[in-house]
C-alpha cells in the first residue's frame with residue numbers, strides 16, 4: 001500500500017535520477033486496472049457470449065450465469081440445458097428439432113429463453129414431446145417473447161415451480177386428429193407457475209393444467225382450440241382477464257377448488273362459455289359470455305360457488321344447472337337475450353337473490369312502482385311446461401296445442417302448481433352498472 005505524505009516530508013529527489021516519476025498515481029492506476037482486467041476477463045467473457053456457429057458446443061462450454069446471444073440463423077436441436085444460462089435470440093433465430101422428443105429440455109433452475117423461434121418436436125403424447133420442456137428441476141425458468149410453431153406440445157411446465165411463460169406466440173398442429181394433438185401450454189404439479197400475455201392457437205387445449213396449485217393464467221388470447229383454459233385437480237389458482245374466441249368451450253373447471261375466474265371473456269365459443277364439473281368454492285366474477293354458444297354457463301354437481309357480476313348474453317341457454325349443485329350464490333348477473341334463460345330440472349326451490357338483490361333478466365316484463373331498482377314481482381324463468389319439454393322432447397309437437405295453453409293458464413292462475421325450481425325474488429330492473437353490454 002502506498003501513502004502520500006503531506007508537504008515535503010517525502011523529498012521528490014530522494015531517488016537518483018528521479019526514478020520515481022512525478023505522475024506516479026496515474027501509473028499506479030493503470031497498473032491496478034490492468035490487474036483487474038487480467039483477473040476478471042475470463043468471467044466477463046463467460047457471462048456474455050455471442051454465438052454464430054455450434055449452439056450445442058456453446059452451451060456445453062458456457063459457465064453458470066452466462067448469457068448466450070444468438071446471431072440470425074437456424075440452430076440444430078435437441079438441446080439440453082443443465083446449468084443456469086440465458087439464451088437470447090432475435091428475429092430470424094430458429095432452433096429446429098429433429099422430429100423426435102423435445103426440442104429444448106431445461107433441467108437447471110434459473111434458465112431464461114427469450115426471442116427464439118422453436119419448431120420440430122416429436123409427435124408422441126406418451127413421451128410428452130414438446131418444443132420447450134421445463135422439468136421439475138427447472139425452478140424459476142422463464143420463457144418469453146418466443147414463437148413456438150408446429151410442435152406437439154408447445155411449452156410443458158412439468159413440475160417446474162415458479163416458472164414464467166409470458167408474451168409468446170404459440171401455434172399448435174392442425175394436421176392431426178384432435179385427440180392426437182398436444183396443448184399450447186401444459187402445466188403439471190408446478191406450484192406458483194404463471195402463464196400470461198400469450199397468444200395461443202390450434203392444437204388441443206390452449207392452457208391445460210392438472211394436479212397443481214397457486215397458478216396464475218392471465219391476459220392470454222386463445223382461439224381455434226377445443227378448450228381455452230382447462231383445469232383438472234388444481235386448487236387455489238387464478239384465471240384473470242383472458243380472451244377465448246371461437247373455441248368449443250371457453251373455461252372448463254373440473255375437480256378443482258378455490259379457483260378465481262375473474263374478468264375473462266368468451267366470444268363466439270360454440271358449446272359453452274364456462275363449464276363447472278365437480279368444482280367447488282369457485283369465484284366467477286365479472287366475466288362476459290357473448291356470441292351465441294349453446295350454453296353460456298353449465299354447472300354440474302358443483303357447490304358453494306359465487307357467480308356474481310357476469311354477463312351471459314345471446315346463448316341458447318343462459319345457465320344450465322343440474323346434478324344436485326347446492327349452496328351457490330348467483331346474484332348481480334345480467335342474463336340478456338338468451339332463448340332460455342335458465343334450464344333447471346329439480347324439485348327444490350332455489351332463490352337466486354341475496355340480501356334483497358337478484359339478477360337482471362331481459363325477458364322480465366315487470367314493474368317497479370316504488371322506484372328502488374328491484375322488480376315488484378318474483379321472476380320465474382321456468383314452468384311446468386318447460387320441465388315436460390326437457391324430459392320429453394317429442395312433446396314439442398304439442399307446444400301450440402289447447403292442452404298446453406290450458407296448462408300455462410292454470411299455472412298462472414294457481415301458483416301452487418309451479419314445480420320446484422329457480423326463482424329470483426329480487427330481480428333487477430336494469431343491467432348492473434359494472435356490466436357493459438353492447439347489443440350488436
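The values are calculated or read from the model by the stated rules, or taken from the named source; none is laboratory data. Model, not experiment: these values are computed from the prediction. Don't worry about glycine lacking a Cβ; one is built from the backbone with ideal geometry, like all the others, and counts go over all protein chains shown.
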### Of residues in the range 178-202 being over 17 Å from residue 216 (Cβ atoms) and surrounded by fewer than 24 Cβ atoms within 10 Å (Cβ to Cβ), the one nearest to the chain's Cα centre (by Cα)
199
### Query
Is it true that some residue in the range 315-326 is under 19 Å from residue 254 (Cβ atoms), part of a loop (DSSP other than H, G, I, E, B), within 21 Å of the chain's Cα centre (by Cα) and touching a residue at least 24 places away in the same chain (Cβ under 8 Å)?
no
#### Entry: Candidates 46, 33, 28 - the one that is at pLDDT below 95, closer than 18 Å to residue 108 by Cα and either not assigned by TED's automatic domain parsing to the domain that holds residue 120 or not in a strand (DSSP E or B) (or both)
46
### Message
Criterion first (in contact with a helix residue (DSSP H, G or I) (Cβ under 8 Å, 6 or more places away or on another chain), more than 23 Å from residue 325 (Cβ to Cβ) and either assigned to a loop (DSSP other than H, G, I, E, B) or modelled with pLDDT under 90 (or both)) does residue 408 satisfy it?
### Response
yes
### Residue that is closer than 30 Å to residue 179 by Cβ and at pLDDT below 95, where the choices are 99, 77, 122
77
### Message
Restricting to the range 150-164, count the residues that are buried (at least 24 other Cβ atoms within 10 Å of the Cβ) and either more than 10 Å from residue 190 (Cβ to Cβ) or more than 16 Å from the chain's Cα centre (by Cα) (or both).
### Response
6
